[in-house]
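Notes to accompany the following structure.
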Amino acid sequence: MTGQRSAWLLIAPLLLVLLLSFVVPLVLLLPTSFQEYQPGQGMVAGSFTWENYLRIATDGYYREVVLRTLALGLGVTVLCLLTGYPVAYLIVRGHPRWRLPLTLLVIFPLMLNLVVRSFGWIVLLTNRGVVNNLLIDLGLIERPLKLMFNMTGLLIGLTHIYLPFMVLMLVAALQNVPRDVEAAAATLGSSRTHVFWSVTLPLTAPGIIGGSILVFVLTISALVTPRMLGGPTYQVMATLIYDEYMQLLDWPSGSALSFALAASTLVIIWLSSRMTRRWAGMA
Amino acid sequence: MSNLSLRNIVKRYGKTEVVRNASFQIAEGEFVSLLGPSGCGKTTILRMVAGLLEPTEGQIMIGERDVTRLPPNKRNIGLVFQSYALFPHMTVFENVAFGLRRKGESGKPLEERVNAALEMVRLGGYGARFPRQLSGGQQQRVSMARAIAPRPSILLFDEPLSNLDAKLRDEMQIELKRLQQELRITTLFVTHDQAEALSLSDRVGVMHGGVIQQLDRPEEIYHRPANAFVASFIGKPNRLQGRIEAGTVALGAGLALRPERLDLPEGSEAEVFLRQEAIRVLRTPEPGALAGTVALRAFSGPQVQLVVRLAHGAEIVVEVPSAEDTASLAPGEPVHLAIRPRDIIVLPQGAAS
C-alpha cells in the first residue's frame, strides 16, 4: 500500500502537465466566452453577456450543429461497437494463430496519418469515386450516391478511424472474462447464445462503456476528418468552433461553443459510468 | 441420478496422448475420485465428461444416454470448479437460480429450491449478497449450491478445495462428505490431494501418464497398491531394493523381510515399499525386526520423524507419535524396526514408476 503522500507524488507529473496545458488555458478561456463580440471590431472590453451561450440553444443553425454532432457521436459509437465486438471476440476467442495478424490489422489504420486516411476516403466516396463508379459500372445504380458532405461520409470516415480504440478496449475486457465462468453457465444448461447474453456480455460491460465513451468523445471533438469529408458547409461543433476562431475571429462564440462541448462530454461520461455500475452490478 | 460409464476414452492433442484408453463405470450414487499428479490427465477426463472437451475416441454414457458428442448444456450435470467460477455480476441467489431458470423453474418453487440449496451448504440468508462480498470458502459453498440446485444426474468436482487454506480445506472436506451422504448423487471428483481422495471416496482411481493405474476402494489402494507408481504415490513410503530368497525378500547384509503374500518367483529382483507409519520402532531386538542406527531426528508436533540407517547402508524414514517413548531416540542410538508381514508391499523390480 502506498501512502497518500507517495500517491500524490506518483501522479504529480501528469497533474502538472494537465494543469499547465489544459486547465489554465481553459480557465483563461472562460471570461472570453462571456464577452460581447462586435463584427469588425472584435471583443468589447469589460462587457458581460449570456448571449453566446443562449444562442447555442436558441439559434436554429447552432442547434442543428449541436444535435448533428451528438447524433454523429452516437452513430459512430454504435457502429464501432457493432462492428468491433465480433472482431474483438475473434481476436480473444479465435485460433491463437490469428491473434497477431488480426490485432495488427486492427491497429494498422492508426499508423497512417489522419489527413492521408481522410483523402483515401475522399477518393473512394466522391461522386466520381471508386465506390460510385463501381456501382454504376455494375449497373446497380444510375446516378452516383451522395456519400460525402453528409452524415454518411462522416459516419464511414470516423467509424474507420476510431474502430481500433473500441476493439482494443473490448479485447482487454474479453480477456478478463474467465473461461470457467462461461463453462459454468454452459454446464448449468445455458446454450452458447444464452451464455453470451447472460454472462459474456454483462462481464464485458466495463469495456463496452469505456470504449463507447472513448469513441464518443473522440468523435464529437474530431476536426480534420469532418472538415475533409463534410466540406465547408456540413459543420459539426469542432469545425464550427474552428471557423468561429480562425475565420470569423468571433472568439467569444467559439469559446462558448467549446465549453458547451466540454460540458456535454462530462455529462455523458458521468451518465455512462452510472450506467455501468447499474448494468454490471459491480465497480 | 444415473450411472456414468466411460468406454475406451482417448484424448490426443496432435501426437501427445493425454488420456489413454480410459474405461470405468461409476455406479448410481457412487463417489469416485481421480487422483494423480498434475498433468496426469485427470482433469481432461472430467472436462470430457462435462462436455467442455471432446474425446478423440471412445464413448461416454450417462445412464442409458450416449452423451459423447452432446454440448455441456444438454448433459444435465453439475460442475464445481477450482476457481469457483461464480457469476460476479449476479447475487448469490441469482447464481444458484441460474440452472433452475434454465430448466424453466420460476416463482415460488424456484425461490424455495434456491433457498433449500443455500440452506444445504449452510448459507441461508446470504442470497442478496454478491460473490465478491464472500470469503473463499463461502464462494465455494455457493458454487456447490449452484451445482446441486438443478438436481443434476452427475456431479463433477474439479479440485474444488485446492484454492482454500489448509484449515478451511479440512472443514470443507467434512462439509462435502455430509452433502454427498445426504444427496447420494453420482460423483466424479478430481484432486491431487490423496487425503482428500481417500477420505471422501467410495473408490479412488490413481492416474499417471494418462493411464488409470488402479481403480479400487481406498483401503485397497492404500494397503494393496497394484504397481510401483501407486505404491510410491500414496502415503509416505520407503523404497528398498531386494531379491526373493526362500520366501523372503533379502535386502543385503543378512537383512530380510518376510511378507504375508509373495507372488514373485524365487531369485527375482524386487522392490519393497514400507510406509513410514506402518513401522514400529523398538529399542530391543525382536525376531524379524531390522537392525539399524538413528541417523537423524526431526520433531513436527504430533509426530517425530526418525531417519534410520540399516545395517546394509540403506536409509528408512519412520514416523513415531511424539508421545511414544521411542520418540526421544537420539542420532547414533541403535534401534530395531518391526514391520507386520501384511504391511510389507513387494512389487517386481523396474515396473512402471
Can you name the residue in region A:72-98 that is farther than 22 Å from A:Ala183 by Cα and free of Cβ contacts under 8 Å to residues at least 12 places away in the same chain and, of all such residues, is nearest to the chain's Cα centre (by Cα)? A:Val78
Which one of B:Ser33, B:Ser23, B:Ser38 is farther than 18 Å from A:Ala183 by Cβ and crowded, with 20+ Cβ neighbours inside 10 Å? B:Ser33
The listed residue being at pLDDT below 95 and either under 20 Å from B:Leu164 (Cβ atoms) or in contact with a Leu (Cβ under 9 Å, 6 or more places away or on another chain) (or both), out of B:Gly39, B:Gly136: B:Gly136
Inside region B:158-180, the number of residues satisfying the requirement of being surrounded by 17 or more Cβ atoms within 10 Å (Cβ to Cβ), more than 14 Å from chain A (Cβ to nearest Cβ) and among the acidic types (Asp, Glu) is 1
Leading residue by the ranking (nearest to A:Arg278 (Cα to Cα)) among those in region A:172-197 that are buried (at least 22 other Cβ atoms within 10 Å of the Cβ) and among the polar types (S, T, N, Q): A:Ser190
I'm trying to understand the selection: among the residues of region A:198-238, which are crowded, with 23+ Cβ neighbours inside 10 Å and within 18 Å of A:Ile156 (Cβ to Cβ)? A:Val215, A:Phe216, A:Thr219, A:Ile220, A:Ala222, A:Thr225, A:Pro226, A:Leu229, A:Val236
Given the criteria more than 24 Å from A:Ser47 (Cα to Cα), modelled with pLDDT of 90 or more and not polar (S, T, N, Q), does A:Leu240 qualify? no
With respect to the numbered conditions (1) buried (at least 20 other Cβ atoms within 10 Å of the Cβ); (2) away from every other protein chain (no Cβ under 14 Å); (3) of a type outside the set (Ser, Thr, Tyr), which one is the sole condition not fulfilled by B:Leu183? (1)
Looking only at residues that are closer than 23 Å to B:Met144 by Cβ and of a type in the set (D, E, K, R) in region B:42-70, which one is farthest from the other protein chains (Cβ to nearest Cβ)? B:Lys42
Failed condition for B:Asp216, given (1) touching a residue at least 40 places away in the same chain (Cβ under 8 Å); (2) surrounded by fewer than 17 Cβ atoms within 10 Å (Cβ to Cβ): (1)
Could you tell me whether region B:243-259 includes any residue that is touching a Phe, Trp or Tyr at 6+ places or on another chain (Cβ under 6 Å) and either surrounded by fewer than 17 Cβ atoms within 10 Å (Cβ to Cβ) or on the phi > 0 side of the Ramachandran plot (or both)? no
Leading residue by the ranking (farthest from the chain's Cα centre (by Cα)) among those in region A:1-32 that are under 22 Å from A:Ser253 (Cα atoms) and among the polar types (S, T, N, Q): A:Thr32
Considering B:Gly301, B:Gly350, B:Gly313, which residue is surrounded by fewer than 14 Cβ atoms within 10 Å (Cβ to Cβ), modelled with pLDDT of 85 or more and not in a strand (DSSP E or B)? B:Gly301
Name the helices (runs of 4 or more DSSP H) wholly inside region B:71-157 in which the number of residues that are within 24 Å of the chain's Cα centre (by Cα) and either more than 11 Å from chain A (Cβ to nearest Cβ) or surrounded by fewer than 17 Cβ atoms within 10 Å (Cβ to Cβ) (or both) is 2 or more. B:136-148
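Residue-wise test of (1) loosely packed, with under 12 Cβ neighbours inside 10 Å; (2) of a type outside the set (Phe, Trp, Tyr).
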site: B:Asp263; (1), (2): yes, yes
site: B:Ala270; (1), (2): no, yes
site: B:Phe273; (1), (2): no, no
site: B:Ile279; (1), (2): no, yes
site: B:Ala289; (1), (2): no, yes
Mind checking whether some residue in region B:65-74 is hydrophobic (A, V, I, L, M, F, W, C) and within 29 Å of A:Ala205 (Cα to Cα)? no
Could you list all residues from region B:293-326 that are among the small types (Gly, Ala, Ser) and more than 20 Å from B:Glu245 (Cβ to Cβ)? B:Ala295, B:Ala298, B:Ser300, B:Gly301, B:Ser322, B:Ala323
Within region A:204-222, is even one residue touching a helix residue (DSSP H, G or I) at 6+ places or on another chain (Cβ under 9 Å), among the hydroxyl-bearing types (Ser, Thr, Tyr) and within 13 Å of chain B (Cβ to nearest Cβ)? yes
Within region A:208-225, residues over 23 Å from A:Asn113 (Cβ atoms) and polar (S, T, N, Q) come out as A:Ser212
Residue within region B:122-133 that is under 24 Å from B:Ser33 (Cβ atoms) and in the same structural domain as B:Glu196 (by TED's automatic domain parsing) present: yes
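The values are calculated or read from the model by the stated rules, or taken from the named source; none is laboratory data. What you are looking at is a predicted structure, and each value in this text was computed from that prediction instead of being measured. Ideal geometry is used to build each Cβ from the backbone, glycine not excepted, and the neighbour counts take in all protein chains shown.
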